[in-house]
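Here is the structure we will look at, set down as structure tokens.
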Amino acid sequence: MRHVVFLLPALLLLLALPYTRGRYNDDFDDGEDIAEFDDNDFAEFEDVSEDPAVDVEKDPPPRAAPSSTPIEDDEDEATVENEDGQDEFEDADAQDQDMYSKYDNEEFEGYEKTNPSFKDTLIYREVPAHLQNSWESYYMEILMVTGLLAYIMNYIIGKNKNSRLAQAWFNSHRELLESNFALVGDDGTSKEATSTGKLNQENEHIYNLWCSGRVCCEGMLIQLKFLKRQDLLNVLARMMRPACDQVQVKVTLNDEDMDTFVFAVGSRKAMARLQKEMQDLCEFCGDKPKSGAKYGIPESLAILSEMGEVTDGVMDNKMVHYLTSHADKIESIHFSDQFSGPKVMQEEGQPLKLPETKKTLLFTFNVPGMGNTSPKDMDSLLPLMNMVIYSIDKVKKLRLNREGKQKADKNRSRVEDNFLKQTHTQRQEAAQTRREEKKRAEKERIMNEEDPDRQRRLEEAAQRREQKKLEKKQMKMKQIKVKAM
Amino acid sequence: MTVNNMADPRRPNKIFRYKPPNTETNPTLEDPTPDYMNLLGMVFSMCGLMLKLKWCAWIAVYCSFISFANSRSSEDTKQMMSSFMLSISAVVMSYLQNPQPMSPPW
């Protein structure tokens, strides 16, 4: 097909040759050669025109190959032809069709017009994207990098916001804390106990402050638990599920600073959750959270208490006033002499020892603003810190009466007995294994003794011990039998 | 609000030092996110390197960034840097081996 396309202009020019021959006298020999050439040329044309179908159906091979022969043939003639031919090549197929229309239809006798199918046989090779030299094909990568940049931007902005909030909180509370505590700010690493006077940054969103050196308490740990503003994923998750910044205050008390009771008040949801999670609330405050309406606190708050006397003692006028005026900011308040943290799930069943307890007051406050806090909001938490200080002093003064004390002691011994019962079998097993271990250790020692005399003596001593134990057991059994009788 | 009109409540002789809470006895207090993200990042970067998957390598970069953002200040920076470098190298290697742009999954 390409042959025909290319040779047509050649044909034209050949026809026009007589008029141009004058110019190419140097290049051309006399008529004979031209005549020969013309014959060959026409012969070629004839061949091509007889089998146009074949040419049309054939896939056009790389353009360079078929064009080479016509170019060679026409080389002797004007070079203008080549250029024309190449021009024809560079144009699209549409051009070819235009060419056809320009020529006499008689030229194409025997040539079947199969133009429409011509297009189907052409296969466009895709240039691989990375060779295309355009940035647009890398749009996924650009998207990724943009995402990373957005993450980094958010990290910097979130970190700064959290830092500003923490600083604002500290600035507004500094005076109160410094007037109440001898040591404000300690990270535990310095040799001497001097106030660092600044927050201890644990994370990009958690700040700690340890205060100590006051009557009625051992120390107070304040944790500013901000939202993870520095993590973009978290920011997006918070758009689905709003959350707020929290301030957690944990006051640890000495033994003489608090009487034995367990008490909690807070939002209903928080109370329900704490009752399930916290070891001491679970054991000592079995009843469902009660409403505090009879004390005058809003319905949104619920009370968990070991006994009524405790609630009466804690809920004095000042406390009620605090709770009512700041109910929206209070998540939970938890006073306990048996505080041991949340329930620990152990793999081997129950733990063998009762968890260590510490007399603690726990306060969890919600920062107003539901995530969109500004540094000014931190001032509104100051009255709550006053409440904390007031509670510390109050708890020191709060003493149960005789009945209350008896009840409390009974509760505690009940809990302990329950625990011992539950772990009885396990403790027995543990004791058994310990005894076996001891025996084995002794046997090994005997075996390892090199001196045969000493070996014998040790063996005898062990045997005597065993005998004694057996006798003791038999005596005990006899005694029990007698008693039973 | 005055705490005690009579006396200063501060007692310098009753100072206790700060003891960081023992997280071994109470694992619920710890946030596992940075550790998980670190592990995920390493797994994805290995996948990206071995299987020559570009998207794996990019996710690994994201994971290491998230792990860094959530990490505690007491944590070793070497660990963070190593996972970060690993994910960057996964991305670079994937592109060196196959400079074609990533094709979206749709």
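Computed from the coordinates by the stated procedures, all read-outs in this text should not be read as laboratory data. Predicted, not measured: the structure shown is a model, and the values here were computed from it. Cβ atoms come from the backbone with ideal geometry, glycine included; neighbour counts cover every protein chain shown.
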At 0.890 mPa s and 25 °C, Stokes D of the range B:27-106 from Kirkwood alpha-carbon radius, µm² per second: 190 µm²/s
Loop sites in the range A:400-451: GluC sites (Glu not before Pro), DSSP, at most 16 other Cβ within 10 Å: A:449, A:450
14 Å beta-carbon shell around residue A:463, net charge (K/R +1, D/E -1): +3
Estimated Rh, the range A:126-249: Kirkwood, alpha-carbon pairs, angstrom: 17.7 Å
Listed pairs A:329/A:396; A:228/A:353; A:358/A:397; A:250/A:376 exceeding 28 Å between Cα atoms: A:228/A:353
Residues in the range A:459-477 reached by a label modelled at residue A:485 [backbone nitrogen below 14 Å; 7 Å Cα→Cβ]: A:477
Listed pairs A:161/A:343; A:159/A:276; A:288/A:410; A:225/A:410 exceeding 32 Å between Cα atoms: A:161/A:343; A:159/A:276; A:225/A:410
Mean Cβ count within 10 Å, highest first, over the residues of peptides B:64-73, A:382-391: B:64-73, A:382-391
Cα-centred dipole magnitude for the range A:145-408, charges only on beta-carbon of K, R (+1) and D, E (-1), debye, nearest 20: 680 debye
Tail beyond 14 Å, pair distance distribution of the range A:265-344 (Cα, percent): 59 percent
Net length gained if the chain between residue A:269 and residue A:299 were fully extended (0.36 nm per residue, minus Cα distance): 9.6 nm
Cα-based reach from residue A:473 at 22 Å (exclusive), listing lysines while leaving out same-chain residues under 8 positions away: A:438, A:439, A:481, A:483
Relative exposure of A:265, A:310, A:344, A:127, judged by other C-beta atoms within 10 Å (fewest first): A:127, A:344, A:310, A:265
Loop-located GluC sites (Glu not before Pro) in the range A:237-309 whose Cβ has at most 11 other Cβ within 10 Å (DSSP): A:299
Qualifying trypsin sites (Lys or Arg not before Pro) for the range A:149-243 [loop in DSSP, other Cβ within 10 Å: at most 10]: A:191
Dipole of the range A:145-408 [Lys/Arg +1, Asp/Glu -1 at C-beta], most positive-end residue of A:391, A:239, A:362: A:239
Under 17 Å from residue A:476, Cα to Cα: lysines that are on another chain or at least 8 residues apart: A:468
Span from the the range A:209-232 Cα centroid across to the the range A:410-483 one, whole angstrom: 49 Å
Dipole axis of the range A:145-408 (+1 Lys, Arg; -1 Asp, Glu on Cβ), positive-most option in A:400, A:226, A:334: A:226
